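Notes follow the structure.
The values are calculated or read from the model by the stated rules, or taken from the named source; none is laboratory data. The model shown is predicted, which means the values in this text are computed figures rather than measured ones. Heads up, the Cβs are rebuilt from the backbone with ideal geometry, glycines too, and the neighbour counts pull from every protein chain shown. Quick note on the areas: whole protein, heavy atoms, side chains included, nothing else; ligands and nucleic acids left out. Shrake-Rupley method; radii C 1.70, N 1.55, O 1.52, S 1.80 Å.
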Amino acid sequence: MTQTVRLPGGAELPLIGFGTWQLGSRTAYGSVRAALEIGYRHIDTATLYRNESDVGRAVRDSGIDREQVFITTKLRPQDARHARRTLESSLRMLGTGYVDLWLIHWPTGQNEFVSTWEELLAAKDAGLARTVGVSNYSPSQIDELTKATGQQPAVNQIPWSPAQHD
């Protein structure tokens with residue numbers, strides 16, 4: 001059984017996920033299939049990685065029910081003005097009607113800062129993402145979003161490993 005943490009809204013985020021950064025098409029497909037076979041149930045991708053279609057195909061071909069696989073994808077800040085369209089494109093490539101977690105990959109420019117967060121919240125309300133959050137944000141940036149909208153990001157995904165642990 002995979003250990004999880006319950007996010008606001010009830011989604012269960014597996015504590016260990018399989019990241020697909022720097023995995024090209026063929027490698028992403030095979031690696032995600034292998035990860036799912038050995039028990040991973042959280043797959044992390046992003047628009048920037050350009051492998052969402054291969055990740056989605058691997059999940060479908062795995063034979064594991066979609067509801068048992070937690071899929072995270074991320075919005076590039078340069079796509080902030082087209083956030084909803086970008087998510088809809090990600091969903092088409094992933095071959096699913098929703099993602100479990102949609103993140104802003106890193107902080108946007110100040111002009112789009114709050115409006116982008118509002119777009120993520122609207123996508124959640126529309127059922128396109130089960131939960132939403134941010135990645136690589138400072139505590140003060142999270143406070144700013146929360147103050148402006150009354151809704152705190154469910155997740156702030158940051159890099160961490162034994163070699164990288166600020």
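Where in the range 92-120 does the label zone of Q151 land, with the point 7 angstrom along Cα→C-beta and an amide N cut-off under 15 Å?
99-104, 114-120
Label the range 1-79 by shape, choosing from rounded, prolate and oblate, from the square roots a ≥ b ≥ c of the eigenvalues of the Cα gyration tensor; if a/c is under 1.5 it is rounded, and otherwise prolate applies when a/b is larger than b/c, oblate when it is not.
Note, shape of the range 1-79 comes out oblate.
Of W106, W117, W160, which has the most accessible area and how do the rest follow, probe 1.4 Å?
The ordering from most to least exposed comes out as W160, W106, W117.
Here are some values of Cα Rg over 2.2 N^0.38 Å: (1) 1.24; (2) 0.99; (3) 1.14. Which one was computed from this structure?
(2)
In debye, nearest 20, what is the charge dipole magnitude of the chain about its Cα centre with +1 on Lys and Arg Cβ and -1 on Asp and Glu Cβ, if you could check?
Value, rounded to 20: 360 debye.
Please work out the average accessible area per residue across the chain, using the 1.4 Å probe convention, and give it in Å².
Heavy-atom accessible area per residue stands at 54 Å².
Of the candidates P107, P14, P139, which one comes out as most mobile in a Gaussian network treatment of the chain with C-alpha springs shorter than 10 Å?
Of P107, P14, P139, the Gaussian network model singles out P139 as fluctuating most.
With a 1.4 Å probe and all protein chains left in place, how much of the accessible area of the range 125-166 comes from carbon and sulfur atoms, in whole percent?
Details: 1330 of 2680 Å².
Ligands and nucleic acids excluded, carbon and sulfur reach 50 percent.
Compute the angle between helix 83-94 and the longest alpha-carbon principal axis of the chain, please, reported from 0 to 90 degrees and rounded to the nearest 10.
Rounded to the nearest ten degrees, it is 10.
Compute the distance in nm between two label points, each set 7 Å from the Cα along the Cα-to-Cβ direction, one at T27 and one at S138.
3.4
Could you compute how much accessible surface L13 exposes when probed at 1.4 Å, giving the result in Å² to the nearest 10?
30
Hey, what do the phi angles of the range 5-13 turn into as Karplus ³J(HN,Hα) couplings, whole Hz, using 6.51/-1.76/1.60 and θ = phi - 60°, x for Gly and Pro?
Running phi through 6.51 cos²θ - 1.76 cosθ + 1.60 with θ = phi - 60° gives 10, 7, 8, x, x, x, 4, 9, 8 Hz.
Between R76 and L48, what is the label-point separation in nm under the 7 Å Cα-to-beta-carbon projection?
1.0
Just read off the accessible area of H42 with the full protein assembly in place, 1.4 Å probe, to the nearest 10 Å².
The accessible area comes out at roughly 20 Å².
Could you pull the accessible area for S161 with a 1.4 Å probe, rounded to 10 Å²?
S161 exposes around 40 Å² with every protein chain in place.
Quick one: length gained pulling I16 to I38 fully straight, 0.36 nm per residue minus the C-alpha distance?
This chain segment gains 6.7 nm when fully extended.
Given the -39500 (n - 2.57) contribution per DSSP H run of 4+ residues, what per-residue ellipticity at 222 nm results for the chain, rounded to the nearest 500 deg cm²/dmol?
Roughly -11000 deg cm²/dmol at 222 nm, from the helical runs in the chain.
In whole percent, how big is the carbon plus sulfur part of the accessible area of the range 1-106, probe 1.4 Å, protein atoms only?
Its accessible area is 50 percent carbon and sulfur atoms.
Using only Cα atoms and rounding to the nearest 10 degrees, what angle (0 to 90) does helix 52-61 make with the longest principal axis of the chain?
So the helix axis and the longest Cα principal axis differ by about 40 degrees.
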